[in-house]
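Colleague: Got a structure here, written out as structure tokens. Questions coming.
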Amino acid sequence: MSLAAVSHGFLSPTGVEIAFLLVGLVTFGAALVTVTTRQLVHAALWLVVTLGGLAVEYLLLTAEFIAWVQVLIYVGSVVVLLLFGLMLTKAPIGRSPDADSGNRWAALTVAVAAAAALVWVVVDAFRATWIDLDGAAAGSTRVTGESLFQNWVLPFEALSVLLLAALVGAIVLSRKAKAADAAAQAAAATPAAGTDGDPGAKEGVR
């Protein structure tokens with residue numbers, strides 16, 4: 001345990017720790033709105049708030065490199081990709097009751113179980129680890145870069161392939177939607193053309 005843990009405890013938090021708690025509450029609230037709203041565009045925008053809150057948390061933890069990666073990749077790329085996917089697939093802008101599958105309780109159970117598992121893993125791994133938030137930045141670019149490109153190359157590349165697959169899938173879905181719309185318009189225009197060209201039909205109408 002470092003000197004940071006000895007100098008103060010949970011009952012005497014510093015200003016940085018209070019800011020960390022407040023930003024965490026705002027981020028948690030934005031995440032709840034993201035998964036509970038029925039407007040897809042609003043969900044994507046609230047996701048921006050959630051990911052931005054996480055970036056602020058990284059800054060407060062003196063991991064400035066991870067914070068800017070969070071902003072550039074997730075806020076600047078992933079959310080933009082989601083918005084483009086919504087626009088390409090012509091998703092409704094307003095409320096979408098048909099987007100609710102009715103499995104809210106099952107999804108809530110899985111989410112709570114996953115959150116409990118993550119909290120248990122993090123607490124067990126960093127039980128006696130303390131970070132001096134008022135000290136020098138610990139998440140430097142060099143240390144993080146060496147760890148990323150030595151130990152986490154495969155997950156990093158897998159994530160890039162996943163994002164590319166999502167972009168290709170959005171384009172394929174948009175092309176299918178355009179083809180279906182063109183076929184529906186052609187089917188709707190065919191009876192009208194037949195009616196206009198048939199004199200007998202006009203006489204029958206008269």
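The values are calculated or read from the model by the stated rules, or taken from the named source; none is laboratory data. Please read these numbers as outputs of a predicted model, since none were measured by experiment. Don't worry about glycine lacking a Cβ; one is built from the backbone with ideal geometry, like all the others, and counts go over all protein chains shown. Each accessible area value is taken on the protein alone, full model and side chains, heavy atoms only, with ligands, DNA and RNA left out. Shrake-Rupley method; radii C 1.70, N 1.55, O 1.52, S 1.80 Å.
Colleague: Once the Cα atoms of region 15-65 are picked out, what are the Rg and Dmax in Å?
Modeller: Rg, Dmax (Cα atoms, Å): 12.0, 37.
Colleague: In whole Hz, with x marking every Gly and Pro, tabulate ³J(HN,Hα) for region 120-126 from phi via Karplus 6.51 cos²θ - 1.76 cosθ + 1.60, θ = phi - 60°.
Modeller: Once rounded to whole Hz, the list reads 5, 5, 5, 5, 5, 7, 10.
Colleague: Let me ask something else. For the residue pair residue 45 and residue 109, what label-to-label distance in nm results when each label sits 7 Å from Cα along the Cα-to-beta-carbon direction?
Modeller: Here the answer is 3.5 nm between the modelled labels.
Colleague: Would you work out if region 41-88 is rounded, prolate or oblate? Take a ≥ b ≥ c from the square roots of the eigenvalues of the alpha-carbon gyration tensor; rounded if a/c is under 1.5, else prolate when a/b is larger than b/c, oblate otherwise.
Modeller: oblate
Colleague: Given R₀ = 45 Å, FRET efficiency for residue 190-residue 25 by Cβ-Cβ distance, to 0.05?
Modeller: Values: r = 59 Å, r/R0 = 1.31.
Here the calculated transfer efficiency is 0.15.
Colleague: Between residue 161 and residue 125, what is the spin-label point distance in nm, taking each point 7 Å from the Cα along the Cα→C-beta axis?
Modeller: 2.3 nm
Colleague: Tell me the per residue accessible area of region 26-83 using a 1.4 Å probe; a whole number in Å² is fine.
Modeller: Details: 3010 Å² over 58 residues.
Roughly 52 Å² per residue, with all protein chains present.
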